[in-house]
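Worksheet: the structure to be examined is printed underneath.
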Amino acid sequence: MVQKIITPPALRRGSRVALIAPAGLADRGRTEEAAGIMESWGLEIMRGRHLYERYGVFAGTDEQRLADLQWAMDDKAIDAVVCARGGYGMSRIIDGVDFSSFSRKPKWIVGYSDITVLHLFVNCGYGIKTIHGEMPLNYAAEDTAAESLDSLKQALFSRLDAYSWSSAPYRGGKAEGRLLGGNLSLISHLAGTGLRDCLKGTILFIEERGEYMYSFDRMVTGLRLAGVLKGLRGLIVGGLTGLKESPVSYAVGASDIIMDAVKDYDYPVAFGFPAGHIPDNRAFYCGADVKLEVAGADASLRFI
């Protein structure tokens, strides 16, 4: 892992934001409604050339999506990159991205879910912070909490300070380290790459939705077998939503699976962090140094 942490410049009124879809197919209506919300913040929205293309389940071919991402990262007039949605597709193009221009002039990258791949490559390879936060697909959804967009706006224009929440279950303790992570299935998917070593010694955040319980168990177990869970300083669990039972009911819940996987380690574990595929999807900085404290059911995360 790169030791130096780089914080991209804060946005201001008049800043230009690239709106792209590097993974799943973008919904034009929802995306344009979200663009209007960002414009109300005083931002100028620059749409990727292939934003509304379609190739199967993807927002265009690999070449088209890569071209939009590369443009957004390279163009010096662009101050931030907002990914329209997740889905699947980021891992298909990540090895084609040239980060040289971006690393010389960093800018905020925003997204979650499948965008976990981009977060990890940027955080681990270049020590540049990114924002795990709500995406345009959900900006105007009826169940999206106001805190989702409020925290995202704060992360972009000023600075996030700390979060406090109630954790159940929990394992108490204090930890300080680099905060990395995102969607569990993507982290598990990348555990066979060099990013596995990057996760050692960090405070790991995970969230997931829609997986079968046995698949969820398999991914957590895979991280344990890969040595990722052993080397952590702390573990933060966000939304675990829509996990499904197979025809034969699973014996335990998702939190039980996680606590069993980390039972041999003594670092703090907090559940219920308000981020992930949930209505209250608070923004936070991936790649930032943080302090985690779990005291009984009271958990807090402070950005250093």
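What number results when the radius of gyration of region 150-304, computed over Cα atoms, is divided by 2.2 N^0.38 Å?
For region 150-304, the normalised Cα radius of gyration comes out at 1.00.
W108: accessible area at probe 1.4 Å, nearest 10 Å²?
My reading of the accessible area for W108 is about 10 Å².
Charges on Cβ only, +1 for Lys and Arg, -1 for Asp and Glu, centred on the Cα centroid of the chain; of A23, P106, A251, which one is farthest towards the dipole's positive end?
My answer, from the dipole projection, is P106.
Which label marks the calculated value of Cα extents along the principal axes in Å, given the options (1) 49, 44, 38; (2) 61, 46, 33; (3) 67, 45, 37?
Given (1) 49, 44, 38; (2) 61, 46, 33; (3) 67, 45, 37, the calculated one carries the label (1).
Taking loop as defined by DSSP and a crowding limit of 14 other beta carbons within 10 Å, which trypsin sites (Lys or Arg not before Pro) in region 75-153 fit?
K76
Using θ = phi - 60° and the Karplus relation 6.51 cos²θ - 1.76 cosθ + 1.60, list the HN-Hα couplings for region 99-108 in order, rounded to whole Hz, with x at every Gly or Pro.
Values, residue by residue: 8, 4, 5, 4, 5, 7, 9, x, 9, 5 Hz.
What percent does the relative contact order of the chain come to when contacts are Cα pairs within less than 8 Å and at least six residues apart?
About 21 percent, as a whole number.
Under 8 Å for C-alpha pairs, at least 6 residues apart: give me the relative contact order for region 1-99, rounded to a whole percent.
Working: 155 pairs, mean separation 38.1, N = 99.
For region 1-99, the relative contact order is 38 percent.
List, largest first, the extents of the alpha carbons of region 72-196 along their principal axes, each in whole Å.
Over region 72-196, Cα extents along the principal axes are 41, 35, 27 Å.
Using DSSP to define loop residues, name the GluC sites (Glu not before Pro) in region 85-185 whose beta-carbon has at most 15 other beta-carbon atoms within 10 Å. Present the calculation step by step, with values, prior to reporting the outcome.
Details: sites: E134, E142, E147, E176; in loops: E134, E142.
Passing both the DSSP loop test and the Cβ count: E142.
If you average the C-alpha positions of region 141-217 and of region 268-297 separately, how far apart do those two centres end up, in angstrom?
6 Å
For the chain, what is the mean residue ellipticity at 222 nm derived from helices alone (per DSSP H run of n ≥ 4: -39500 (n - 2.57); sum divided by total residues; nearest 500 deg cm²/dmol)?
Theoretical 222 nm ellipticity from helices: -8500 deg cm²/dmol.
In vacuo Debye scattering of region 59-128, one point per C-alpha: log10 I(q)/I(0) at q = 0.17, 0.25, 0.26 Å⁻¹?
Treating every Cα as an identical point scatterer, log10 I(q)/I(0) equals -0.56, -1.33, -1.45.
Is there a quick way to get the dipole size of the chain? I mean about its Cα centre, with the Cβ of Lys and Arg at +1 and of Asp and Glu at -1; what is the value in debye to the nearest 20?
So the magnitude is around 860 debye.
Just the Cα atoms of region 1-113: what Rg and Dmax do they give in Å?
That works out to 13.8, 41 Å for Rg and Dmax.
Mind listing the long-range amide H neighbours of D75? Cut-off is under 5 Å, sequence gap 5 or more, other chains count too, H placed in the peptide plane at 1.01 Å from N.
Under 5 Å from the amide H of D75: no residue qualifies.
How much space per residue, in cubic angstrom, does the convex hull of the C-alpha atoms of region 196-282 take up?
91 Å³
Based on alpha-carbon centroids, what's the gap between region 42-63 and region 68-137 in Å, whole number please?
So the two Cα centres are separated by 14 Å.
Whole-Hz ³J(HN,Hα) for each residue in region 137-147, computed from phi via Karplus 6.51 cos²θ - 1.76 cosθ + 1.60 with θ = phi - 60°, x for glycine and proline: what do you get?
Calculated HN-Hα couplings, in order: 3, 10, 3, 9, 4, 4, 9, 5, 6, 4, 4 Hz.
Springs between alpha-carbon atoms under 10 Å, Gaussian network over the chain: tell me which of M135, M73, M213 tops the mean-square fluctuations.
Among M135, M73, M213, the largest mean-square fluctuation in the Gaussian network model of the chain belongs to M213.
Sequence-distant or interchain residues sharing an amide H contact under 5 Å with D298, placed H: which?
Amide H to amide H, under 5 Å and 5 or more residues apart or across chains, D298 pairs with S167.
Quick check on region 246-304: what does the Kirkwood estimate of hydrodynamic radius come out to from the alpha carbon pairs, in Å?
Its Kirkwood hydrodynamic radius stands at 14.1 Å.
Test of the criteria: in region 43-87, which GluC sites (Glu not before Pro) are in a DSSP loop and have at most 13 other Cβ atoms within 10 angstrom of their Cβ? All intermediate terms of the calculation are to be shown ahead of the outcome.
Working: sites: E44, E53, E63; in loops: E53.
Within region 43-87, no GluC sites (Glu not before Pro) qualify (loop, at most 13 other Cβ atoms within 10 Å).
Skipping prolines and chain starts, which residues have an amide H placed within reach, meaning under 5 Å, of the one on R54, given they are 5 or more residues away or on another chain?
For R54, the qualifying residues are G60.
The values are calculated or read from the model by the stated rules, or taken from the named source; none is laboratory data. Note that this is a predicted model, so its numbers are computed, not measured. Cβ: placed from backbone, ideal geometry, glycine included. Neighbour counts: every protein chain shown. Note: areas computed on protein heavy atoms with side chains; ligands, DNA, RNA excluded. Shrake-Rupley method; radii C 1.70, N 1.55, O 1.52, S 1.80 Å.
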